Amino acid sequence: MDLRRQLVKKIQRVFWIYLGEIFVVLPEDLLPTVHPKVTCEFVAITRENCSRVEDFREKDLAAEFLEKVLRGEKGFFAVRQGHTAGSIWATINQSKVPTIVRGFMKLMPQEALIHDIVTGVEHRGIGIGPFMVTQILPILFQRYGVSRVVIDVNVKNTASLKMMDKAGLHAKQRALAISAFQKLAFHKTLKEYD
């Protein structure tokens, strides 16, 4: 893991201010499947294939991917011509009470948060990100019985905001979250969108 990424992760565990655009998808929302410009498969991430992240990201992320699988997170790879081109993750609140995930996002029971959507540099600009988003949504609703999916995107992440638009999604609100020691300390909706 590069030094900058390690430092950011350590800081976020202590204190994090997050301003994000919040996208919400319900089972009844009809979203067309986005097809990338190249043929891709959508493959579940398992204990056995975590190392495939090394096709498009840092070598040491295989251990992080394995940890996510063992925690029960649902991950998928986009595979292009036999090579992994991207990944997407979802955390589902399978408990009977609300919970805070990733240190800042409150999820009600049977809600899911989509996060860590990454496409390898050499695979960007051909629709793989929107493809992964529109592939994971029906899986979360149909296979896992999720009642609502939330996707948060940092307001400064213009590439991811464009990806959400290409996936047919529109932000529902802008929210500010502050977490301290991985606990939500403050949350405020700043703007509601029509």
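Only the coordinates and a few stated rules stand behind these numbers; no lab work does. It should be emphasised that the depicted structure is a prediction, and the values quoted were computed from it without experimental measurement. All Cβ positions, even for glycine, are placed from backbone atoms using ideal geometry, and neighbour counts span all protein chains on display.
Here are the numbers for this structure:
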{"read-out": "Neighbours by Cβ (under 9 Å, 6+ apart or cross-chain): first from the range 129-140, within 16 Å of V153 (Cα to Cα) and touching a residue at least 40 places away in the same chain (Cβ under 8 Å); second acidic (D, E) and in a helix (DSSP H, G or I)", "value": "P130/D165"}
{"read-out": "Residues satisfying the stated conditions in the range 10-50, i.e. hydrophobic (A, V, I, L, M, F, W, C), surrounded by fewer than 13 Cβ atoms within 10 Å (Cβ to Cβ) and under 20 Å from K74 (Cα atoms)", "value": "L26, A44"}
{"read-out": "Residues (of a type outside the set (V, I, T), over 20 Å from D165 (Cα atoms), touching a residue at least 40 places away in the same chain (Cβ under 8 Å) and part of a strand (DSSP E or B)) located in the range 77-126", "value": "R80, A85, M105, K106, L107"}
{"read-out": "Test: residue in the range 153-172 that is assigned to a strand (DSSP E or B), touching a residue at least 24 places away in the same chain (Cβ under 8 Å) and within 12 Å of the chain's Cα centre (by Cα)", "value": "yes"}
{"read-out": "Residues that are more than 17 Å from D55 (Cβ to Cβ) and out of contact with any Pro (no Cβ under 6 Å at 6 or more places or on another chain), drawn from the range 107-125", "value": "L107, P109, Q110, E111, A112, L113, I114, H115, G125"}
{"read-out": "Scan of the range 140-194 for residues that are under 24 Å from H35 (Cβ atoms) and polar (S, T, N, Q), ordered by number", "value": "Q142, N157, T158, S160"}
